[in-house]
Amino acid sequence: LTDAAGLHTLTVGASSYPVDACDSKACRIQSLQRMLKPSLANDLDAMGGVRFAKLGREDSGFVYEVLDIPQPQGNVTLCLRAGNLLEDISSSTTLASDAVTETQSYLNACQTIHADASQYYISKIIPPKTWWGMLLNQPPPKSTYGEASIRLAADFLRRAVTKNNTARTIVSAIGNRNENLAPGRCSMGVHVTSMCQTLDSDGGYYPVGGVRSLGHAWTAVIESFGGRVFHTVPLQELVFAERKGKPVPISDAKEAAVNEDATVNEDGTKSTKKKSLRNNQKDTSTSPTTNPEATITPLPPVTKKELAAQLALNPPCLGVKLQTGVLLQSKTVLSTLGVLPTFLHLVPESVRRPCGMAGIPLGLPALSERRPLMQLLLTLKGTSGNLELMDGADYTRVPNAGVDDEGTTSIVETIPTESTTASLAVAATHSQKLRRSKTDNGSTSSSTATTTATEPTPAPTSTSTPASANSTDTGTYRNKFEGGKSWMKVSFPSAKDPTWHQRFPKLSTCVITIEADDDFVRPIEGSKPQMYAILPKTASASGNGDVQRLIDRVCNDVVEVFPQLGGKILSQELRGPIRAGLSQTPERFAAPGIKPRSPYPNLFIAGSDITVNDSFSGKITSGLLAVNDMLGYNTVLDHFVLEKDIIRDLERFMSVLSSSNEDVAVPMMVQSLQKDDKEKGDVKEKVGNDAIASAESSKEK
């Protein structure tokens, strides 16, 4: 379930509690504030009442994330905090003077590359040829960040960090901790972005009141201008006008490829196989996949002139149709669901197919989908202080930091075992008890509620057989969750919000994110783009038992890391598999069609696919790019000569922005939210006690 702000809710007894299941931790807070102000401002406040709290405590250096890097000779643990990153790296391993100098040089190089990142992303909304560029006979300026983004992070790491292998492992983990992707597959642009966020001296921040405070603030602004906000209403499809011309003719080679799985040789001859590429199935009678996802049927190549002619005939988007049958018409439609869900699921095949190559973003078939995710949502008995929930810091296990994609020699050769002890000692000073073995607390308590929430699967437009159970996922560490080894992220949203326990006393929340294993998803063999099929639960030989086994494995692993949670789990809910967007490979950044403006007039795309995955600031940036493109701030003259965009124009004309000098990125004092009314405090105490009693009663039953 979701609440009015679109936030997921957990039910404990008769009460519901909001859970921030996405990563809403913000870095580079000053830049983020500037982007948010115009959309939140009202007559009374430049941020619409929204404030951000700094994560961590001053005495611990404001730690906001802990990285755990499994290695054969011992785990490396790194605490990320506001301050000197080089000092944090040095605390996790012993660096000689030359290694310190080299590592510092690498960090400086990352900042240099990232200096023109905004120029690269702005170029996504500038047409290749504008009148200004033609007038000066100059193309838009090239970006160093853009050049790096189409290269592999492993190539830079091997050449730039050579003195200390442990330091190289740590730097690699920092650079791509948000996706389980080896440096031999990861884009250097993603690596640089993550490094520079970590280097920022401000540290991590979180919206006071949770991310729902942003949702309510934006809703108030939209409704004040006569807009409407619909909650928890599933979309059915995008609505388009009639296409202007005839459907794109399918060549003989294309027709053969569709009907006979034909291969067109270089000499023009055709060879066929005895299977249908339309269904792309080898033997559906034994395949565990009964409901594979939509993919793009291979299309014949076209010239630039032919593609431009096809694009000119694409129908405009007129609005969206809800599953309730309601049609919402609009002059522009902005989808933040991601590139693949938008073009494969929301754009009807009857619209996309007649458009041929012009019906999908240019370069999309060459890309790969990130492996879908699973999330285990927990409610915990106790406050953040009692449970020692790391002062709101996230825990991320990064198993692929030192593994090349080819599966050969690791980037890391030797890991001093002393580094693990030293790192854990640093973590202990921040009240972060990270342990790699089971304690006397035992395993997790039995849950009061175990439910699954699987993403609805749209009707497929074509079918294909998933890879075999023994096939491996390109760029991932394992296809089965293994305690102590697999990629895992643990966050405590309730510990990040300084107002949580004023509203929900004696209870805490936890979100555990992992990759979906082979019991839940499989790669679709031969699909372009490379995608995953979400398996029905009945497709598993063990039926729904695989759900409970996964919950047990994950809970046991989390209790090993956080032994203080043993016996404190009140309820569990498994969500997923959840589509996680495009994988952050160089191909994704090289694809010219991955940009806000879609091939269809009036349809725009935003979200992490346009920038970087699992980045709160990246999602806001993508929306800002899309709005600039919608409103015509999309020329070289605007951005590189006049320095003109939607934010600057609003700052000129909104007095509340120009007159506000308040630093709003500060913690809201919890004391200011406390009420002197003892009766109200007693009511809150009773609500918390009733919820715990109800949960424990259900557990006993």
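The values are calculated or read from the model by the stated rules, or taken from the named source; none is laboratory data. Just so it is clear, the structure is predicted and the values come from calculations on it, not from any experiment. Cβ: placed from backbone, ideal geometry, glycine included. Neighbour counts: every protein chain shown. These area figures cover heavy atoms from the full protein model, side chains too; ligands, DNA and RNA do not enter into them. Shrake-Rupley method; radii C 1.70, N 1.55, O 1.52, S 1.80 Å.
Using Cα centres only, tell me the gap between segment 375-390 and segment 190-250 in whole Å. The distance from the Cα centre of segment 375-390 to that of segment 190-250 comes to 29 Å. With a Förster radius of 25 Å applied to the beta-carbon distance between LEU631 and LEU44, the computed FRET efficiency rounds to 0.45.
Other residues with beta-carbon under 11 Å from the beta-carbon of LEU55 carry, at +1 per Lys or Arg and -1 per Asp or Glu, a net charge of 0.
Using a 1.4 angstrom probe on the protein heavy atoms only, could you order THR166, THR11 from most to least accessible area?
Numbers: THR166 5, THR11 70 Å².
Ranked from most to least accessible, the order is THR11, THR166.
Of the accessible area of segment 150-202, computed with a 1.4 Å probe over protein heavy atoms only, carbon and sulfur atoms account for 41 percent.
The magnitude of the dipole of segment 6-111, with charges of +1 and -1 set on the Cβ of Lys/Arg and Asp/Glu and taken from the Cα centre, is near 380 debye. Of the solvent-accessible surface of segment 584-647, computed with a 1.4 Å probe over protein heavy atoms with every protein chain present, carbon and sulfur atoms account for 56 percent. Per residue, the accessible area of segment 188-238 comes to 42 Å² when a 1.4 Å probe rolls over the protein heavy atoms. Calculated FRET efficiency, ALA160 to ALA590, Cβ-Cβ distance, R0 = 22 Å: about 0.50 to the nearest 0.05. Near MET188, once Lys and Arg are set to +1 and Asp and Glu to -1 for all other residues with Cβ below 10 Å from its Cβ, the sum equals -1. Report, in whole Å, the centroid distance computed from the Cα atoms of segment 44-110 and segment 546-560. Measuring centre to centre over Cα atoms gives 29 Å. Around PRO361, under 12 Å between beta carbons, what's the net of Lys plus Arg minus Asp minus Glu among the other residues? So the surrounding residues net to +4. Note on GLU306 and LYS644: with the Förster distance fixed at 56 Å, the Cβ-Cβ geometry gives a FRET efficiency of about 0.95. Got a number for carbon plus sulfur as a percent of segment 22-86's accessible area, 1.4 Å probe? The computed percentage sits at 46.
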